[in-house]
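Structure first, commentary second.
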Amino acid sequence: MTTTSSRADRTSQSRSLILDAAVTCLLRDGYARTSTISIQAEAGMSRGRMLHQFRSKEELLVAAAHHIFATQLEQPVPPVLSERIAEASGPGERIAVVVDVLWATFQEPSFWAATELWVAARTEPALAAAIRPAEKRLGQAIWGRMDHLFGPDLVGRPLYLPIRPVLFTSMRGTALSYAFDARDPSSEPLLEHWKELARHALLA
């Protein structure tokens, strides 16, 4: 029993190591230049050991897609931002803090690794098929997290459901521009506009 359990643990650790290496390669090299050889080198393991887990680049990157989305689902709100939300003096201030929290998620490595896979999925049917259900689960989790952050009072406002996707999709689109125009995200001009838009929709 112990031997079987130890073997399963090693297999799980090897799989996690490979998937983490795949995400690192996606971030550093992009989808087109990520190969099983580069992932193997990043993971620091033999080709035979890696092929035992994943038989092809496609299979590996499909698993990496699920790994990225699972990581995003499990990612907690940073303690500093959680404290700011808890200490917000009123709904207007809470909206401002939540917008900051949401914008920060688009600066995380997992967002850029996922973006590489989203773009590749346009011409990779197998990858698209794997990403689609994971993306739906992620979307539901994102709505749930946004509801939790805004709190029941703001969630109950009439325009909350329309403003929720407007904020999210606007932030995601803006974040993509950072791929070719690197700048300080904390000074993003739209940040104050998002806050004002949310205040106007939810507090008017």
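The values are calculated or read from the model by the stated rules, or taken from the named source; none is laboratory data. Nothing here was measured: the structure is a model prediction, and the numbers come from that model. Virtual Cβ from ideal backbone geometry, glycine too; neighbours counted across all protein chains shown. Protein only, heavy atoms only, side chains kept; ligands, DNA and RNA dropped before computing areas. Shrake-Rupley method; radii C 1.70, N 1.55, O 1.52, S 1.80 Å.
Residues in the stretch 98-117 that are within 20 Å of S186 (Cα to Cα) and in a helix (DSSP H, G or I): V98, V99, D100, V101, L102, W103, A104, T105, P109, S110, F111, W112. With respect to F111, determine if the residue is under 14 Å from the mean Cα position of the chain (by Cα), closer than 21 Å to Q75 by Cβ and open to solvent by less than 40 Å² (accessible area, probe 1.4 Å). Here the answer is yes, as F111 does meet what is asked.
What about L127, is it farther than 30 Å from L61 by Cβ and over 14 Å from the mean Cα position of the chain (by Cα)? It is false that L127 is farther than 30 Å from L61 by Cβ and over 14 Å from the mean Cα position of the chain (by Cα).
Looking across G151, G144, one residue alone is at positive phi, out of contact with any Gly (no Cβ under 7 Å at 6 or more places or on another chain) and not acidic (D, E). It is G151. Reported count of residues in the stretch 106-145, each being within 14 Å of H67 (Cβ to Cβ) and either basic (K, R) or in contact with an Asp or Glu (Cβ under 6 Å, 6 or more places away or on another chain) (or both), is 1. Of all the criteria given as (1) assigned to a helix (DSSP H, G or I); (2) more than 19 Å from the chain's Cα centre (by Cα); (3) free of Cβ contacts under 8 Å to residues at least 60 places away in the same chain, the one not satisfied by R94 is (3). Here's a check for you: in the stretch 58-107, which residue that is among the hydroxyl-bearing types (S, T, Y) and closer than 24 Å to G173 by Cβ is surrounded by the fewest Cβ atoms within 10 Å (Cβ to Cβ)? Per the criteria, the residue is T71. Within the stretch 32-48, the set of residues being of a type in the set (G, A, S), surrounded by 11 or more Cβ atoms within 10 Å (Cβ to Cβ) and over 13 Å from L61 (Cα atoms) comprises A41, A43.
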